[in-house]
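Values in this text are rule-based calculations from the coordinates and carry no lab data. As the structure is a computational prediction, the values presented were derived from the model and not from experiment. Positions of Cβ are backbone-derived with ideal geometry, glycine not excepted, and every protein chain shown enters the neighbour counts.
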Amino acid sequence: MTVANAPVLVSGVVQAEPGRHPVTEPAGTTRRGRFGGLAKYLGLAPFAVYVLIFLGVPTVLAVATGFFTEDGAFTLDNIAGLADPVVLATFASSFWVSAITAIVGSVVGALVCYALLGTRAGGTLRSLIDSASSVLAQFGGVMLAFAFIAAIGGQSLLTLWLKNTLGFDIYADGVWLYQPAGLLVVYTYFQVPLMIITFLPALEGLKSQWAEANATLGGTRFTYWTRIAFPVLAPSFFGSLLLLFANAFSSYATAAALVSQGSPIVPLQIRAALVSETVLGRENMAGALALGMVVVMVVVMWGYSVLQARTSRWQK
Amino acid sequence: MTKNAVRIGTEPNPVVRWVILGVVGVVFAFPILAMIEFTFRDGLSGAHTLDHWTGLVSEDAARTYRNLFTAIGNSLLLAVVTVAIVLVVLLPTMILVHLQFPRLKRVLEFVCIIPITVPAIVLVVGLAPVYAVVVRVFGGSIWTLAFAYGITVLPYAYRAIQSNLDAVDVVTLSEAGRTLSADWGRVLWFVLLPNLKRGVLAASFISVAVVLGEFTIASLLNRVNLQTALLQVGQSDPYVAIIFALLALLLAFLLLLSIGRLGRPRRSGSGS
Amino acid sequence: MTLTAPTRTMSAEPGSGATVELRGVVKNYGAMQALSGIDLVMRPGEFVALLGPSGCGKTTALRALSGLETIDSGSILIDGVDVAAVPTNKRDIGMVFQSYSLFPHMTVVENVEFGLRMRRVAKADRRERATEALEMVGLGAHGERFAHQLSGGQQQRVALARALVTRPRVLLLDEPLSALDAKVRVQLREEIRRITRDLGITTVFVTHDQEEALAVADRVAVMRAGRIEQIGAPQELYATPANPFVADFVGLTSRIPGEVVDGRIVVHGIALPLLGDALPDGPAVALIRPEDVALAAAGDADAIEATVVESSFLGSLRRTSFQLEGGSLLSVQHDVGDHPQVGERAYLRLKRNAVAASVVTSEKSAI
């Protein structure tokens, strides 16, 4: 008797013969026939309905509105609008900000993970860094913007100190903090912790036997890292890098709080399309932009899952 | 023994280790420290004062910061409802799939990963029409936003619960319970849930942390939560805004720290 | 199949193992002493098994030999040279781990030629030697596979080929068969023995399975709590264990309470010669092997009365457990022709072989 058959079996048996111990009944789901089979799936219904309404429908609506005008007629105008130089520039901007912060984040994060090798998994240092990374990876939007304005904004201690003591005005060419360049610095603040969270398990998956075998076979630390550890970690590293890219590309709140002028990246463009009444303020344009974003995200996440599969094969 | 690990390459040189951690630690602590310093500033004069902090517990505080306190209440309510959704909808489904529909496990995993691919900013474009209907059915109160939040926390809650499910052999435990003549209700309550405490608590804490930090959906659906209120307050009284941002961060940090402690195996004196 | 092509290595000539010596090796982990002064001398080409329960220090001793653990005092000599200060990668040893040691991102043949690559052997040359090593372990056709595509037994063969291809002076095996199925284990241990004998490599083999150790080794060192209790040829350990721990660990024994009188132990009225150190007169526990007891008839002289508790059929013989007066259990090995029934009364005769014994302390016997 398998667990899978048990509930149907028990409910059938208990109704028919309350005296018999259900475990000793021979397996037989045919009692309930086809109806019994479908009833099994009823348990999945609440979740399925919930996800359908709040994830499925919005997603479909989000990408589909791009194909319709405000009056409901089918059109490709919105999609064509994506070729607008302003929009393309926005995508390019998003791309560069995401790529650079992903690369910086993954390199710095990997270094921190390397520095954590050998520390005890439940120990104080580790717990602190794990929790701090979890919080900072989530630390977005408004609070992060405030933090950086306080840290390196126009009136911050650091800026004033640099200007008055060292004569170095970091904002001499304009206040870059509130432009895409500022996003580079600010995004890295949550990219590095995200990398630590994602990559540390992979680094811990390095088996000590590999390093020991390398040593017994005459290899050095250098050969261990270059011939064994890096190649084994590569899929995981690049997978995490893609995840960081996706994370930056889809970030909205931080940019919304920091960037006061214009909509230099895609998520801000979506906001502009949703709320403003300028020429580009066609609500359905938001749908087209959303579609564009989803396409990018699907490609990136597909790459991520391929690399994850490779990782798990090697680190069983 | 550690010296040897350094020699063969499994561990970094202690000097290297502490240099990296030290530099990164200082760089990352800096904005937080700057925030803290900021809350003690007395305007532009350069002096420092406790006024901003004490102002919070003064008699006018409730009145002056009414909106902010309402917003905090909203966020806390949303956190509770979101956790309820996770526990009442997601958890049973995950257990059910794990026990009865192993082939659907990949599907479930895929569904729970979708919110990463379809980020909040995209989701919210399609949520507005859905919420128009929701408001008609449930009324316009703030807690209905939790429906959307339940989706946002899916990837995190799923991973937390799933790693617990994988670590504890749920199938064997439930079979053992069944052969000892417990019905499914009792198996769930007496056998499975006690062993899933770790994952459930982790999922709950992470959900709370995510909900407290959520801005995108609330903002673009014109609702008031902690983050939208902080942005608004920040324009007129940056000091209070930053104080509350720090407090929210601290709360999230403590929650996530306790998840880490939960994950530690019970001290049984075994170690080989 | 043996390796036929001549080889060029940086170590000693092919086929000549090194002498290995451990002198007074001590290793502490904080307050715990893992090795309390190990002395061991191995001849070239000898196959020694380190046998003992978990925690006895056998793996620590092996790792100290390899350099993966440092020692606190004593010396480790390979071919007369103290290697304590020599790092692992310069000791010219081969090591096979219990599991997971193959590099997952390299093919089997790339794994095997890794050691040659570290020694800067030219590409064509090392490919050829790696392939020969693979053929030596019977996996010549699997060169292009990856570790996760092989079974446990095949992986360990690859690990063996990888460790041997560089012709190391010493081969170290850390419980290489413990993670494998029973049948594969038996097969592989014989192959390991054959290969190391053909190559003449000095080999140290760690295991907790006494049957395995007795089956393959030239000499077995039984270890407990960081010390070598006894070292000798397998037959020696079995027939003349130095103390009760060794007697109990190697082969099966039954414990029967008795009394030491005048240098012999008296068990149920029968006096038996004692092995090992003389014991003072007084209560003691006798350790008796199953093959040293025979079934007897009711009227026989020196017959001991017993009740059958259970009987197991082992193919070529039977092993039956009997309960004696006083409650102790005696295991007896006998012909399959005799078929004692559970609960039956029977009679046993102790053959006059030497037995190991230990003194009964107030809590438990000092094993």
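Listing for the model above:
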{"read-out": "Count of lysine pairs in the protein assembly as shown with Cα separation under 30 Å (8 or more residues apart, or interchain)", "value": "28"}
{"read-out": "For segment C:31-99 and segment A:51-89, distance of Cα centres in Å", "value": "70"}
{"read-out": "Cβ-based net charge around B:SER204, under 14 Å, with every Lys or Arg adding one and every Asp or Glu removing one", "value": "+3"}
{"read-out": "3J(HN,Hα) from dihedral phi, segment A:145-158, Karplus parametrisation 6.51/-1.76/1.60, rounded to Hz, x for glycine, proline", "value": "4, 4, 4, 6, 5, 5, 7, 10, x, x, 9, 6, 4, 5"}
{"read-out": "Cα-only radius of gyration and Dmax that characterise the protein assembly as shown, units Å", "value": "36.1, 117"}
{"read-out": "Around C:THR70: net Lys/Arg minus Asp/Glu count, Cβ-Cβ under 11 Å", "value": "+2"}
{"read-out": "Packing-based exposure ordering (other Cβ within 10 Å, fewest first) of A:PHE237, C:PHE205", "value": "A:PHE237, C:PHE205"}
{"read-out": "At R0 = 45 Å, FRET efficiency that the Cβ-Cβ distance of C:PHE313 and C:ASP39 yields, to 0.05", "value": "0.55"}
{"read-out": "Sequence of B:ILE161, A:ILE228, C:ILE270 once ranked by neighbouring C-beta atoms within 10 Å, starting from the fewest", "value": "C:ILE270, A:ILE228, B:ILE161"}
{"read-out": "Distant-in-sequence amide H partners of C:MET223 (H built 1.01 Å from N, under 5 Å)", "value": "C:LEU51, C:GLY52, C:GLU229"}
{"read-out": "Between segment A:296-314 and segment B:65-117, the alpha-carbon center distance in angstrom", "value": "24"}
{"read-out": "Förster radius 41 Å - calculated FRET efficiency between C:ASP125 and A:THR119 (Cβ-Cβ, nearest 0.05)", "value": "0.45"}
{"read-out": "Rounded to whole Hz, the Karplus (6.51, -1.76, 1.60) HN-Hα couplings of segment C:120-125, x for glycine and proline", "value": "6, 7, 5, 4, 5, 4"}
{"read-out": "For segment A:77-314, convex hull of alpha carbons as volume per residue, Å³", "value": "160"}
{"read-out": "Around C:MET223: net Lys/Arg minus Asp/Glu count, Cβ-Cβ under 11 Å", "value": "+2"}
{"read-out": "Label-point gap, in nm, between C:ASP198 and B:THR64 - each point 7 angstrom along Cα→Cβ", "value": "9.0"}
{"read-out": "Net lengthening on full extension, B:VAL135/B:LEU250 (0.36 nm per residue, minus Cα-Cα)", "value": "38.1 nm"}
{"read-out": "Segment C:ALA298-C:VAL266, length gained on full extension (0.36 nm per residue, minus Cα span)", "value": "9.5 nm"}
{"read-out": "Amide proton proximity set for C:LEU171, modelled H, under 5 Å, gap of 5+", "value": "C:GLY94, C:THR202, C:THR203, C:VAL204"}
{"read-out": "Exposure proxy order (Cβ contacts within 10 Å, fewest to most) of A:ILE79, B:ILE95, A:ILE265", "value": "A:ILE79, B:ILE95, A:ILE265"}
{"read-out": "Spin-label pair B:SER236/B:LEU180, simplified geometry with 7 Å Cα→Cβ offset, distance in nm", "value": "6.1"}
{"read-out": "Mean Cβ neighbour count within 10 Å, used as a protection proxy, ranking C:335-342, C:47-54 highest first", "value": "C:47-54, C:335-342"}
{"read-out": "Simple spin-label estimate for B:LYS3 and B:THR54 in nanometres, 7 Å along Cα-Cβ", "value": "5.8"}
{"read-out": "Within segment C:254-297, backbone nitrogen closer than 18 Å to the virtual label 7 Å beyond the Cα of C:ARG345 toward Cβ", "value": "C:295-297"}
{"read-out": "Net lengthening on full extension, C:THR70/C:GLU211 (0.36 nm per residue, minus Cα-Cα)", "value": "47.7 nm"}
{"read-out": "For the protein assembly as shown, with +1 on Lys and Arg beta carbons and -1 on Asp and Glu, the positive-most of C:THR196, A:THR159, A:LEU125 along the dipole", "value": "A:THR159"}
{"read-out": "Span-like helix ranges in chain B, DSSP H, alpha carbon extent 15 angstrom or more, Kyte mean at least 1.0", "value": "B:14-39, B:66-85, B:105-117, B:120-138, B:197-213, B:238-262"}
{"read-out": "Zone of C:LEU252's modelled label, taken as backbone nitrogen in segment C:326-346 under 11 Å from a point 7 Å along Cα→Cβ", "value": "C:330-334"}
{"read-out": "Two-site FRET efficiency, B:TRP18 against C:TYR29, from Cβ-Cβ distance with R₀ of 30 Å, rounded to 0.05", "value": "0.80"}
{"read-out": "Model label zone, C:GLN149; criterion: amide N under 14 Å from point 7 Å along Cα-to-beta-carbon; scope segment C:91-131", "value": "C:104-111"}
